[in-house]
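*Asks:* Below: one structure in structure tokens.
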Amino acid sequence: MAVKDWSTTAASNAAIDGINIAEGCPPSNINNAIRALMASVVEGDFGSGTVHFDNITESTADAGVTIEAVLLKDGGITVGSVTASGVVGAAETSFVLIPVGTTAQRGSPSDGALRRNSTDSRLEYYDGSAWNQLQGYDADTLFADTSDTLTVGFNATEHDAGTQTTGTFTPDPADGNFQKAVNGGAHTLAPPGSTCSICIQYTNNASAGAITTSGFTQTTGDTISTTDGDDFLFFVTRNNSFSHLHVVALQ
């Protein structure tokens, strides 16, 4: 009989490993039962089920609890809540196993929860309202606050700014440095609000109207037609308070 098979009701525990310890049993049975109990504890014989350790709290700052090893036989251990005010450590050659599960198995835990997402093959943590991925260090990763040199090219997907029919179109660098738009009616093109360079591929449709510019320091290049099917590349640059639009007709 394993530890997990014992009852929380004292009177119901009448045997240990088949040794009778009921009231009136031979005195030798008590000796043998204690020895059997000690062996079970040392061996970590918790049986084939799951042992639950609920709300284990260490509130004394200077105290500590050392767990040298946990032996799982056929089952597992479920820890309900562990609170430590000191330092929880492990041997240099040991390791900590964190939960592993799919995105669908995330649940909504407490702030600071850590797990490995087997769907994305990434470590992630919970900030109290959402799951966030932990980004490992990569020497080839570009950082916004660290200068670097690109030694290779890159591919980009153009942002579709849609059909411009009226009003003012102000391209936003947050949408990407390569964009496309359709001239579907008379409208105004204005420079971006921050330092950037954007290339916009413009196409006229049957309703194309005159494109006027507003706010550019300089505008150069070809004339912008309103002919259906005509295509253009608009090279937009802003630096500090200066801006430039250069138009290239593609027909």
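The values are calculated or read from the model by the stated rules, or taken from the named source; none is laboratory data. Everything numeric here is computed off the predicted structure, so don't read it as measured data. Virtual Cβ from ideal backbone geometry, glycine too; neighbours counted across all protein chains shown.
*Asks:* In the set 83, 93, 78, which member is at pLDDT below 55 and more than 15 Å from the chain's Cα centre (by Cα)?
*Replies:* Details: 83 fails: at pLDDT below 55; 93 fails: at pLDDT below 55.
When all the criteria are applied, what remains is 78.
*Asks:* Identify, from the list 161, 190, the residue that is free of Cβ contacts under 8 Å to residues at least 40 places away in the same chain and closer than 25 Å to residue 229 by Cβ. I'd like the intermediate steps shown before the answer.
*Replies:* On the way: 190 fails: closer than 25 Å to residue 229 by Cβ.
Exactly one residue qualifies, and that residue is 161.
*Asks:* Give the residues of segment 104-115 that are over 11 Å from residue 132 (Cα atoms) and not hydrophobic (A, V, I, L, M, F, W, C), sorted by residue number.
*Replies:* From segment 104-115, those over 11 Å from residue 132 (Cα atoms) are 104-111; that's our starting set.
Listed by number, the residues that qualify are 105, 106, 107, 108, 109, 110, 111.
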